[in-house]
1. Please enumerate the residues belonging to the stretch 368-397 that are of a type outside the set (A, V, I, L, M) and either touching a His at 6+ places or on another chain (Cβ under 9 Å) or assigned to a loop (DSSP other than H, G, I, E, B) (or both).
2. Tell me which residues, restricted to the stretch 82-109, are surrounded by fewer than 13 Cβ atoms within 10 Å (Cβ to Cβ) and of a type in the set (Lys, Arg).
3. Looking for whichever is in contact with a helix residue (DSSP H, G or I) (Cβ under 9 Å, 6 or more places away or on another chain), modelled with pLDDT under 95 and under 30 Å from SER275 (Cα atoms) here; the options are GLY351, GLY383, GLY322. Which one fits?
4. Tell me whether the stretch 68-76 contains one or more residues that are open to solvent by less than 20 Å² (accessible area, probe 1.4 Å), part of a helix (DSSP H, G or I), modelled with pLDDT of 95 or more and not basic (Lys, Arg).
5. What pairs come up if the first residue lies in the stretch 101-123 and is farther than 18 Å from PHE292 by Cβ, the second is among the acidic types (Asp, Glu) and outside any helix (DSSP H, G or I), and their beta carbons are under 8 Å apart, counting only those six or more places apart or on different chains?
6. Would it be correct to say that ALA404 is closer than 20 Å to PRO266 by Cβ, touching a Phe, Trp or Tyr at 6+ places or on another chain (Cβ under 7 Å) and small (Gly, Ala, Ser)?
7. Just need a number here: residues in the stretch 185-208 that are part of a loop (DSSP other than H, G, I, E, B), touching a helix residue (DSSP H, G or I) at 6+ places or on another chain (Cβ under 7 Å) and more than 26 Å from GLY123 (Cα to Cα).
8. Mind checking which residues of the stretch 398-421 are assigned to a helix (DSSP H, G or I), out of contact with any Gly (no Cβ under 8 Å at 6 or more places or on another chain) and either open to solvent by 10 Å² or more (accessible area, probe 1.4 Å) or closer than 20 Å to TYR46 by Cβ (or both)?
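The values are calculated or read from the model by the stated rules, or taken from the named source; none is laboratory data. Keep in mind that what you see is a predicted model, and the values were worked out from it rather than measured. All Cβ positions, even for glycine, are placed from backbone atoms using ideal geometry, and neighbour counts span all protein chains on display. Side chains included, ligands, DNA and RNA excluded: accessible areas come from the protein's heavy atoms. Shrake-Rupley method; radii C 1.70, N 1.55, O 1.52, S 1.80 Å.
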Amino acid sequence: MSAARETAPHGAAAAEVFDLIRRHQSPRLALTGSFAGRGAVESSAYGCRVTLSDGRTALDFGSYAVTLLGHRHPAVVAAVRDQLDRMPVSTRSLASPVTARAAAALAAYLGGGLPRVCFGLNGADAVEIAVKLARVATGRGRIVAVRGGFHGKSLGALALTHSPLYRTGLRGAVVDVVHVPADDAGAVGRAVAGGEVAAVVFEPVQGENGAAALPVEVLRQWCADAARAGAFVVADEIQCGLRRCGERSVALAEGLPVDAVLLGKPLGGGVLPLSAVVCSEELYAPLAADPFLHSATFAGLPLSCAALPPALAAVEELAAHGRTLAAALDAGLAGLRLRHPGVVAALRGRGLLRGIDLVDARAAGRVVTELAGAGLIVSPCLGRPTTVRLLPPLIAAEADVAEAVALLDGALAEAERGAAA
């Protein structure tokens with residue numbers, strides 16, 4: 001398959017796009033997009049490369065963890081095209097074999113210990129579903145979440161998201177939530193002591209918090225304390241799961257007895273939106289009793305679910321290569337920290353979810369600015385502005401990692417010079 005078959009829009013077309021964004025969406029969004037593309041817009045993409053409207057290409061180590069398989073993975077695209085020719089949407093009255101087989105494939109992929117599956121379209125959907133099921137199943141109202149966590153921006157999921165940045169202008173919350181420190185092993189035990197907690201929700205690796213991995217022994221204690229109190233445990237792996245951090249599920253690989261794993265972002269193969277709650281019989285019980293307790297018109301969309309089996313197969317085929325890439329990335333980032341001690345404060349993360357923590361937000365902004373011009377797409381952390389996040393795809397080559405490290409080297413050098421000025 002060729003990388004880009006269409007003709008890239010010229011400069012005038014890009015200017016028209018930014019004008020449309022300003023008039024119909026947001027002037028600030030237009031400014032952000034223009035800054036990131038240096039006046040150009042995205043035109044096409046294949047693999048780990050994005051072609052811009054002015055003909056430049058950029059190495060995509062960003063896209064907020066969606067493109068784990070890169071752009072337009074051939075097997076996923078073929079499955080989606082086939083389904084498009086058959087039946088892209090569901091009647092919602094008749095049973096869909098595509099959705100049923102996708103659910104079975106996903107439950108088996110995680111080992112079969114969590115046999116029930118409920119599909120959504122985005123991460124916030126999965127969070128909302130899990131919280132709703134936990135509250136109905138237990139008859140309790142409170143949720144325990146973790147400081148630094150991010151679980152989405154819809155009103156229910158937003159209550160679990162820790163950063164007040166996203167709640168500006170919104171009073172109250174739909175869900176009663178207590179946020180606990182990530183390093184306090186006894187925090188959940190204290191929170192559940194009153195018998196009001198329905199579920200404990202955590203990200204094993206907090207992507208928006210600078211790729212911060214939570215201590216496994218703390219998580220293990222939280223699981224035990226929640227179980228003793230009759231509360232469910234939900235691992236939000238929408239960003240860190242599906243081999244992004246090396247394992248199919250970080251929580252399950254660590255032996256944590258969770259009641260649900262939430263998956264999303266790359267679940268649709270980087271081609272279509274898809275998320276899922278993969279959970280125990282006990283947590284799913286309200287939906288088993290009443291399958292219409294929660295429903296959405298496009299949940300389990302056949303077009304999206306057609307992408308799931310080839311996406312999972314591709315992820316597994318690339319798993320060993322992903323470990324090689326992660327080792328190369330780790331070595332490269334360690335070298336950058338040694339070469340730029342004036343601006344690199346810390347390195348965080350696991351596998352192919354990495355954060356470079358800079359000394360301050362100004363240095364991080366300078367790095368992002370330099371990378372935008374150099375041709376490396378990264379994902380800033382909105383809740384942690386001192387961190388630049390790297391999310392390389394499994395299909396990247398070691399040469400791509402080396403290129404990214406070289407571009408980062410130049411950007412960090414510029415930030416260091418700026419800090420010294």
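1. If we filter the stretch 368-397 for residues that are of a type outside the set (A, V, I, L, M), which is where we start, we get 369-370, 373, 375, 379-381, 383-387, 389, 392-393.
Residues satisfying the conditions are GLY375, CYS381, GLY383, ARG384, PRO385, THR386, PRO392, PRO393.
2. Scanning the stretch 82-109 gives ARG86, ARG92.
3. Values: GLY351 fails: modelled with pLDDT under 95; GLY322 fails: modelled with pLDDT under 95.
Going through GLY351, GLY383, GLY322 in turn, just one is in contact with a helix residue (DSSP H, G or I) (Cβ under 9 Å, 6 or more places away or on another chain), modelled with pLDDT under 95 and under 30 Å from SER275 (Cα atoms): GLY383.
4. First pass over the stretch 68-76, keeping only residues open to solvent by less than 20 Å² (accessible area, probe 1.4 Å): 68-70, 76.
Next, only the ones that are part of a helix (DSSP H, G or I) stay: 76.
From the residues that got through so far, the ones that are modelled with pLDDT of 95 or more too are 76.
With not basic (Lys, Arg) added as a condition, the list becomes 76.
Yes: one or more hits.
5. Going by the 8 Å Cβ cut-off, the qualifying pairs are LEU114/ASP259; GLY123/ASP236.
6. Numbers: closer than 20 Å to PRO266 by Cβ: yes; touching a Phe, Trp or Tyr at 6+ places or on another chain (Cβ under 7 Å): yes; small (Gly, Ala, Ser): yes.
For ALA404, the condition - closer than 20 Å to PRO266 by Cβ, touching a Phe, Trp or Tyr at 6+ places or on another chain (Cβ under 7 Å) and small (Gly, Ala, Ser) - is met.
7. In the first step, residues of the stretch 185-208 are kept if they are part of a loop (DSSP other than H, G, I, E, B); the result is 185-186, 193-196, 203-204, 207-208.
Then drop every residue that is not touching a helix residue (DSSP H, G or I) at 6+ places or on another chain (Cβ under 7 Å), which leaves 185, 204, 207.
Cutting the leftovers down to more than 26 Å from GLY123 (Cα to Cα) gives us 185.
Of the residues in that region, 1 qualify.
8. GLU398, ALA399, ASP400, GLU403, ALA406, ASP409, GLY410, ALA413, GLU414, ARG417, GLY418, listed by residue number.
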